[in-house]
Amino acid sequence: MVPLNTIQKTSIIKRIDFLETELKDLDEYKNLDFNTYAKDRKARRDVERIIENIVNAVIDIGKIILAGEDLELPDTYREIFVKLGDSGLIDAQHAGCLSDLVRLRNILAHQYLDIKWDMLKDFIEQGSKEVKRFLEITQNRGLL
């Protein structure tokens, strides 16, 4: 593993701080149900935007890590996590979970409420754990 330069480390640290805040904000919605999600525009908008922010920040961290490893950046965001897995920086199962989060990010604006709801609820219950795991891996692997 190639050490990250100071700019890369600083950029990751800023994103981790942002992620921690967003994850705390998302935690306020852990008991959100479908009826509230469907009827409360503010709650719906908040949850969707928070999740989108979280996934975007994780994508950014993944790109920075790949650049720091001097690995070619893939053409799609989902492939970032596949490449992190293929390079041994994260395990393959975790890479798959993170690439699924990118899928959620991509469909937030395009699906019906009931379809989005299932994916959002899954993110609130499980996806945020995968993000926290990614942050731990990032911090524990000496990337910072």
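Anything in the stretch 1-23 that is among the hydrophobic types (A, V, I, L, M, F, W, C) and either within 20 Å of Lys132 (Cβ to Cβ) or touching a residue at least 40 places away in the same chain (Cβ under 8 Å) (or both)? List them, or say none. Let's see the steps before the verdict.
Just the residues of the stretch 1-23 that are among the hydrophobic types (A, V, I, L, M, F, W, C), to begin with: 1-2, 4, 7, 12-13, 16, 18-19, 23.
The answer is Met1, Val2, Leu4, Ile12, Ile13, Ile16, Phe18, Leu19, Leu23.
All of (1) of a type outside the set (D, E, K, R); (2) within 26 Å of Asp75 (Cα to Cα); (3) modelled with pLDDT under 90 hold for Ser99 with one exception: (3). Where residues in the stretch 40-69 are exposed (fewer than 13 other Cβ atoms within 10 Å of the Cβ) and at pLDDT below 95, which of them is nearest to Ala95 (Cα to Cα)? This residue is Arg45.
At least 1 residues being closer than 29 Å to Asn5 by Cα and not charged (D, E, K, R) is the threshold, and among the helices (runs of 4 or more DSSP H) wholly inside the stretch 34-132 those reaching it are 41-68, 77-86, 92-107.
The set of residues in the stretch 19-39 being crowded, with 16+ Cβ neighbours inside 10 Å and not aliphatic (A, V, I, L, M) consists of Glu22, Tyr29, Tyr37.
Condition check: closer than 22 Å to Gln126 by Cα and surrounded by 17 or more Cβ atoms within 10 Å (Cβ to Cβ). Does Arg78 satisfy that? It would help to see each step written out before you state the result.
Values: closer than 22 Å to Gln126 by Cα: yes; surrounded by 17 or more Cβ atoms within 10 Å (Cβ to Cβ): yes.
When the stated conditions are applied, Arg78 passes them.
The values are calculated or read from the model by the stated rules, or taken from the named source; none is laboratory data. Worth saying up front: this structure is predicted, and the values here are computed from it rather than measured. Please note: Cβ atoms are built from the backbone with ideal geometry, for glycine as well, and neighbour counts cover all protein chains shown.
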